[in-house]
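Report on one structure; see the data block that follows.
Each reported figure results from applying straightforward, stated rules to the coordinates on display, with no laboratory input. These figures come from a predicted structure and were not determined experimentally. All Cβ positions, even for glycine, are placed from backbone atoms using ideal geometry, and neighbour counts span all protein chains on display.
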Amino acid sequence: MATTPATTQTHGSRQERDVKRLRRVAMTSFMGTAMEWYDYFIYGLLAALVFDELFFPSFDPAVGTVLALLTFGIGFIARPVGAIIFGHLGDRIGRKKTLIITLLVIGLSTGIIGLLPTFDAIGFAAPILLTTLRFIQGLSLGGEWSGAVLLAVEHAPAKQRAFYGAMPQYGSPAGTLVSSGVVAVVTLLPEDQLMAWGWRIPFLLSFLFLAVALYMRLKVEESPVFTDVVQTQVAKKVETEQRKPLPLIEVFRHAGGRVLIVIATVLFASGGFFLMTTYAVSFGTGELGMEPWKLLIATMIGAVLEAVGIYVGAKLGDRWGAWKTVVAGGILALVLVVPIALMLGSGAEVLVIIAIAIGIGMLGVPYGPLGTMLSELFSARYRYSGVAVSYNIGGLIGGFVPSIAGAFALAVGSAVLVIPVLLGIIMALCVIGGLIAGRVLSRQSETIAV
């Protein structure tokens, strides 16, 4: 049958709608996670800079700083809890509705921190409220990244899953850049103004970011994969909701080994990142006597390089396959550990800045296709729970890497060795985990083919 102009026009209109839908999904996945990481990073930066005086002034300054940073660590403990809660919701009520909830939770909790009275105003209630809001932040982050990845991957065409699945990953460098820039600006204020009101500005900006991100997320359609799962369950007249196994139980019943694979593979995403940011900044200021702003420049350059690495990794992921690119990126990082060690050991400020920037940037290559690889490892009916829980357990472990690095430095008596040794171990786990994931996915493909 000949194709009429009307038919061609209809087909073209459908393609245009699909392209617009994909772009909207990609943008909202990016914006949501960028906002999440912005909120997360400003807390870490300001906890190190001002929270000891604002919320823990009755303690010795060193103790106050430790307590302020411990509240930052509370967020990592909360992440697996949030993964369980939001993973369950994502597998039951849908990706879109769950991501709206996570966005509201992180945006409101962060904005409210900017409204908190300090210790001088309400005493010990201030640090208690701060810690509570920090825990709530962590809960939200436990469900945001995994849901954003799944929404993007499940909307994307088969040949572009890695490209679109990388959109939430761009949130990490974007959040780093914006948070570092905003905090750098407010720290230019005179100290009395910074302590009085300037520190609140980065948190209050979260309300504005929330309004924009929420508007875009409300316009996104539900994942077609989740919609198909729901329709299949209805068609098969499955058991009532009360009799269905919890998604988390299904994860450990059917894919417990895959959870371990993911934990090992994703450790670089948090452990490697915080090693090259939090600990590396501490190393540069404490051991080398560098000025903080120079190290902040290093992390910002690293964020740009990370974004480039994510793009490269995503494109290669669609060409080679997600797990192969994760492995290749891990191997590349292992090779770069040697020059990074030499540059850090030199003590030259320019070389240290380059080493930190490269260390952050190289993480982008395996990070780009990571979400796509994770989504392929778990069945659609419990995919949100599987990705969220395994990824955030890895995130919890990775959150303690700076502390482990500090203890390691004390034990061996050389801070210079800490970063390359731990980074090498972390990236080796990424390579091993990616290779095992590849074997699992290959067997899975063979089973489907048979």
(message) If packing is taken as the average number of other Cβ atoms within 10 Å across a peptide's residues, how do 123-133, 369-379 rank, most packed first?
(response) 369-379, 123-133
(request) Would you look at the GNM of the chain, springs on alpha carbons closer than 10 Å, and say which of K315, K20, K97 moves the most? (result) K20
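Which entries in the list K159/K315; K96/K315; K20/K96; K20/K159; K97/K219; K20/K97 go over 22 Å, if you measure between the two C-alpha atoms of each?
Working: K159/K315 10 Å; K96/K315 26 Å; K20/K96 17 Å; K20/K159 17 Å; K97/K219 11 Å; K20/K97 20 Å.
Beyond 22 Å between Cα atoms: K96/K315.
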(request) Quickly estimate the mean residue ellipticity at 222 nm for the chain, helices only: each DSSP H run with n ≥ 4 gives -39500 (n - 2.57), and the total goes over all residues, rounded to 500. (result) -27000 deg cm²/dmol
(request) Any chance you could run the full-extension gain for W320 through R17? It's 0.36 nm times the residue separation minus the Cα-Cα distance, nm to one decimal. (result) 106.2 nm
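Assign one of three labels to segment 20-235, namely rounded, prolate or oblate, based on the Cα gyration tensor with a ≥ b ≥ c the square roots of its eigenvalues; rounded applies when a/c is under 1.5, prolate when it is not and a/b is larger than b/c, and oblate otherwise. Working shown, then result.
Details: a/c = 2.73, a/b = 2.01, b/c = 1.36.
Here segment 20-235 falls in the prolate category.
Starting from 0.36 nm per residue, how many nanometres of slack lie between M195 and V308 once their C-alpha separation is accounted for? Could the numbers behind the result be given before it?
Values: separation 113, 0.36 × 113 = 40.68 nm, distance 3.62 nm.
Residue separation times 0.36 nm, minus the Cα-Cα distance, leaves 37.1 nm.
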(request) Enter the angle in degrees (range 0 to 90, nearest 10) between the Cα long axis of helix 383-399 and the first principal axis of the Cα atoms of the chain, meaning the one along which they spread out most. (result) 20 degrees
(request) Take segment 245-450, drop everything but the C-alpha atoms, weight them equally and run the Debye formula without solvent; then report log10 I(q)/I(0) at 0.09, 0.14, 0.18 Å⁻¹ to two decimals. (result) -0.36, -0.79, -1.16
(message) Compute the distance from the alpha-carbon center of segment 376-450 to that of segment 183-234, in whole Å.
(response) 27 Å
(message) Just to be sure I understand, if you calculate volume of the Cα convex hull per residue in Å³ for this structure, which of (1) 140; (2) 217; (3) 165 do you get?
(response) (3)
(request) Once you've got the GNM for the chain with C-alpha springs shorter than 10 Å, pick whichever of R95, R21, R383 has the biggest mean-square fluctuation. (result) R21
